[in-house]
Amino acid sequence: YQQLRALGLQYGDYFQGVKQILKTKEPINEVHFIIEADERLKKSKVQYKLHPAVLDSLVQPLFYDVIKQIEGDTNRTTLLSEFEEITFVEPWDFTGLLKGVAIVYPCKEDLQHGLLHAEADIAIYNEEDQLILKIKSAKAKIIDSSLIEKQRDKLNKWLYKINWLKKAHEISQETAKVTHDKSWIVFGDPYGISEILIDRMMQAGMQTILISPAERYDKVNPQQYAINYALESDYEMLMNDIFATHSGKIEGIIHAASISYNWSEPPLTADSVEAQQVFGSISFMYLHQRLSALKLFEIPRLVIVTNGIQTVGIEKDIAQPVHSPLWGMAKVMFNELTQYNCRYLDLSSNPSLEEFEQLIQHISYPLEFENEIALRGKDSYVPRLAVHHQEEYNYAEKKKQFSAEGTYLVTGFKGLGFHFIEWMIKQGARHFALVSRTGEAPADVLEKIARYTAQGCAFNIFRADTGNYEELQTVINLIDNCMPALKGVVHAAGVIEAKTLTDLDQQGFLRILNPKVKGAWNLHLLTLNKSLDCFIMFSSASTLIGLSGQGSYVAANAFLDTLAQSRKSMGLPGMSVNWGVIKDVGMVSNEADLEKYARAEGFEPVAMRDALEVFHAIYDSEHTQIGIVKLHAESMATYYSSLAKTQYFKGLLKSEDGQKAQEKKFSVLYNALQSDEERSIALEELVMQHVATIVKTAVSRINSAMTFKGLGIDSLMAIQLRNLLEKSLSLKLSVAMFWSHPSIAEYADYLLAQLESHRTAQPLQTPAKKEVKWFVRQAPNEEAAARLFFFHDAGGDSSLFASMTQALNKVFDIVTVELPGRGHRMQEVMYTNVHTLMDDLIPAMTPLLDKPYFVFGHSMGGLLAFELTRELEARKLMLPVKLFVSSTPGLTTYSKREVDHTLSDEELYEMFPYLNPDMHDDKEWHKLLMKMLRSDLQLLANYQYIKKSPLTIPVVALYGNSDDRVSKEQAAKWSEETSQEFRLIERPGAHRYIVNDTHFLSIMLIDEFNLVDIPVKSIH
């Protein structure tokens, strides 16, 4: 009854007759309740056969569902409006307990009038379970003014459009002084149009390296190459050759391979559209992947040039969708790989010389915070993502209806698509041709089809691959022969696969493009001669943003957006709807994690019913492309920090004054500091503040020795942290660096190096660390009586031992040896010879051999710890108190197969399961791990064990009892390497048992310390 007050129902004691109420499982929609009249009402039995207050109580369960879906205490008025029929079945007595069952129908909203309609059928039973009363169709109206506001809010905040604005390109005198002392790599088109660009660049004094399409790879001269754009291997040879010949002399790369002539006459087939991707999206994919593989210190600028994709500036231009997937991929790259600062410029369908002149200016002197530009004649146009405010309308006056006499072809009807069909039925559509690859429909869809068929609708399900022209043509012919005339198309088919641009491959990429791109193009071609009322395509809001990890999906949807523009330019119906995240239909409804990620990226999931209400409101307005999506711009700006700085996105943000003030405040503070140590501390504090914000804890509870993984930072949080730091520092950063610099202190040193290199404009160098560069010391303890040196495994780094530091730090001064090529030494060349490594390590280590110490090595680290001890003994330096080798086979039993760096990735995953890509969300970091592992394996492969005299210190060997790479017998072989005590310890787990065994290892190491006669109080 407290909840009913939200409906304006202020029931007094007489009317509060419901004593118990519950609802059964949702599909049944039954509400069970018990009624007991007030004692004072029972005395009126003589005057009333059924007291009005009791009758009111009997129908109150009608509101059970309504009170579950309303929000707050909005001003509402509720009226019981109708009982279709009341039947007394048995003699009535309301003085005893009454049992009731209500069949509650879904509540209906009338948004125009601000009404909720509730309805239920109710049956009442006496205490003997005899039916005594039936109420058929009890109805109520709830007048709720908030519904009108709710709908107005949707129309004002859920609609997004891209608006193009003319913008002058002014070049300051200072900017115009830029010299062209480096070369631009230009990927030319197969028609020779880009030769005009080359000619204009040379006239402007710009140096070029031209790449031309050919059958096979050819290095014509250092300034001209030819490649087969379809062969990935040609890109590898090309990039290797160019960056070997022109190292440090590449300014940027211009991808102009997709520039083409107008495709409208004659129209391409869908197979031809797919084949053309070799010069656009697929070429761009291969180019990026080879660039990433080079791991360049100086990242070249990346400019993508297309033509005719955007309909702006020239009215007669017909949009050319063939290479629009490239435009979509470029938007993804801008967010996913911010270091490239990718820019994309679109010329008109038939580019003029003026546009090429403009293009040179935009390449040489790019507009700040403008990464998308359309060049039309002498004019430049820039896009702005903006909220579209739909004008108020009257539902009753909507004129655009679907024909009850025509057929509507719908693809992708199993999820989102069938909800749309139900909306179409409400607008008058009655005949549907449903197309799917299997020709089948799931049970829930068949159930709905049966229900609507009974109401006069007709459905035919056809089996066809929309990407296959012949199969789809057969469907169109069948519709022409067996159904009413085709009047409309709804193309909702599509598949999605989350992959970074780096991980895409041609086969997988084309598989995602097939249903959307080829399907839409085939539908377009096959209906050109038909008089259609509508041609609606289901695109995605991800295309408006360029969603990271969805390169192929965004590329496919970008094609739909451009095709809609193209059809409108041709005088044909065309509409592309950029749907946002729908929480109750499709992927998000089945994957709980997807909703979490969507919210983090700034997309707020909405119900399909609400999204369709918005579509209903705007369908009359003839939109060609419209986004129906609920965005939280501030969250999106945090997740996509580079996007947030663009003029394209900035208009959605409330105010940047506060953020700019914070950024300026830190910048002023940082620049005022005199020493690297002070700057490093300031950076540590900045990182700790941002980490505290993300993990929702007090800054005081975080210290610089803590690791990101230890603080619970996952891949999603790492992206948020990266973006916050990019904002604070105005610096491009990579997520992978959090894992290679695992502690806050290490990462702060990395940031210091980055900032100093930017400030001095010098090539990146690793800064001098507070300790010698070989070592990581999370929490130095100079007062400790002994030191403990850790050596990590192949492909690993110092973070392997981070979780043991806190427990061991009370006893030992912990020093982890970190090899080059990882962590804070990421930019250093890795070793290929163990003895060279020792020659460099021991001089750095000698100053730390000033007190008793222990050495612990895991896997490869065990071999290095052993060779270190041998070398120290040979140089007559202080030896360890004890040597611990973990998951390291006796070196006489080492298998060269185990350390073969030429094995395939799949074979390495089998040997090193923790490196399986399925276990790593961050693909960039995974590639770095694989690179480290292969280099470390090469180091081990080059190692030759030489039999020498046993060590003169005790040795402890540990192994996992499930390790298929190190057996008990192999571990026991270490007994031959010492003349002193040897212990063999078996632990549960596989080769990397250490990760889950830190508690035991910490206690064991402290116990070993206590067993040795070192002048210090034992610690337990």
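The values are calculated or read from the model by the stated rules, or taken from the named source; none is laboratory data. Given the structure is predicted, the values throughout are model-derived calculations rather than measurements. For neighbour counting, all protein chains shown are included, and Cβ atoms are generated from backbone atoms with ideal geometry for every residue, glycine included.
For this structure, a couple of remarks:
- Residue match in region 439-446 (condition: at pLDDT 95 or above and either β-branched (Val, Ile, Thr) or within 15 Å of VAL490 (Cα to Cα) (or both)): no
- Those residues of region 402-437 which are modelled with pLDDT of 80 or more and in a loop (DSSP other than H, G, I, E, B), in sequence order: PHE402, SER403, ALA404, GLU405, GLY406, GLY412, PHE413, GLN427, GLY428, ALA429, ARG430, ARG437
- Pick from region 346-377, criterion assigned to a strand (DSSP E or B) and touching a Leu at 6+ places or on another chain (Cβ under 6 Å), ranking: surrounded by the fewest Cβ atoms within 10 Å (Cβ to Cβ): ILE373
- Among the residues listed as ILE363, ILE318, the single one being assigned by TED's automatic domain parsing to the domain that holds VAL273, β-branched (Val, Ile, Thr) and more than 14 Å from GLN565 (Cβ to Cβ): ILE363
- Looking only at region 257-287, and only at residues there that are under 18 Å from VAL186 (Cβ atoms) and over 28 Å from the mean Cα position of the chain (by Cα), the one that is surrounded by the fewest Cβ atoms within 10 Å (Cβ to Cβ): SER260
- So TYR225, is it at pLDDT below 95, touching a Ser or Thr at 6+ places or on another chain (Cβ under 9 Å) and not in a helix (DSSP H, G or I): no
- Of all residues making up region 577-613, the number that are among the aliphatic types (A, V, I, L, M), within 17 Å of MET717 (Cα to Cα) and at pLDDT 65 or above: 2
Residues checked against (1) charged (D, E, K, R); (2) under 23 Å from THR543 (Cα atoms); (3) at pLDDT below 90:
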site: VAL332; (1), (2), (3): no, yes, no
site: SER348; (1), (2), (3): no, yes, no
site: GLU355; (1), (2), (3): yes, no, no
site: GLN358; (1), (2), (3): no, no, no
site: HIS362; (1), (2), (3): no, no, no
site: GLU368; (1), (2), (3): yes, yes, yes
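- Of all the residues in region 977-995, those that are surrounded by 14 or more Cβ atoms within 10 Å (Cβ to Cβ) and not in a strand (DSSP E or B) number 7.
- Filter result for VAL312 (β-branched (Val, Ile, Thr), under 18 Å from ILE185 (Cα atoms) and not in a helix (DSSP H, G or I)): no
- There is no residue in region 827-836 that is under 40 Å from the mean Cα position of the chain (by Cα) and at pLDDT 90 or above.
Every residue, every condition in (1) at pLDDT below 95; (2) among the polar types (S, T, N, Q), yes or no:
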position: GLY508; (1), (2): yes, no
position: LYS518; (1), (2): no, no
position: LEU525; (1), (2): no, no
position: SER548; (1), (2): yes, yes
position: ALA556; (1), (2): no, no
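- The residues of region 972-987 that are farther than 13 Å from ILE953 by Cβ and touching a Phe, Trp or Tyr at 6+ places or on another chain (Cβ under 7 Å), listed by number, are SER975, GLU986, ARG987.
- For region 645-660, the set of residues classified as over 21 Å from GLN720 (Cβ atoms) and modelled with pLDDT under 70 consists of ASP657 only.
- Residue count for region 35-59 under the criterion of being part of a helix (DSSP H, G or I), under 18 Å from GLU127 (Cα atoms) and either modelled with pLDDT under 80 or not charged (D, E, K, R) (or both): the result is 4.
- Among the conditions (1) under 23 Å from the mean Cα position of the chain (by Cα); (2) in a loop (DSSP other than H, G, I, E, B); (3) basic (Lys, Arg), the only one that LYS331 does not satisfy is (2).
- Whenever a residue of region 786-806 is farther than 17 Å from PHE884 by Cα, its partners that are of a type in the set (Phe, Trp, Tyr) and surrounded by fewer than 24 Cβ atoms within 10 Å (Cβ to Cβ), lying with C-beta atoms within less than 8 angstrom and at least six residues away or across chains, give the pairs GLY795/PHE912.
- Among the conditions (1) within 29 Å of ALA244 (Cβ to Cβ); (2) over 22 Å from the mean Cα position of the chain (by Cα); (3) at pLDDT 90 or above, LEU294 misses just one, which is (3).
- Residue within region 449-462 that is assigned to a helix (DSSP H, G or I), within 30 Å of THR562 (Cα to Cα), out of contact with any Lys or Arg (no Cβ under 6 Å at 6 or more places or on another chain) and modelled with pLDDT under 95 present: no
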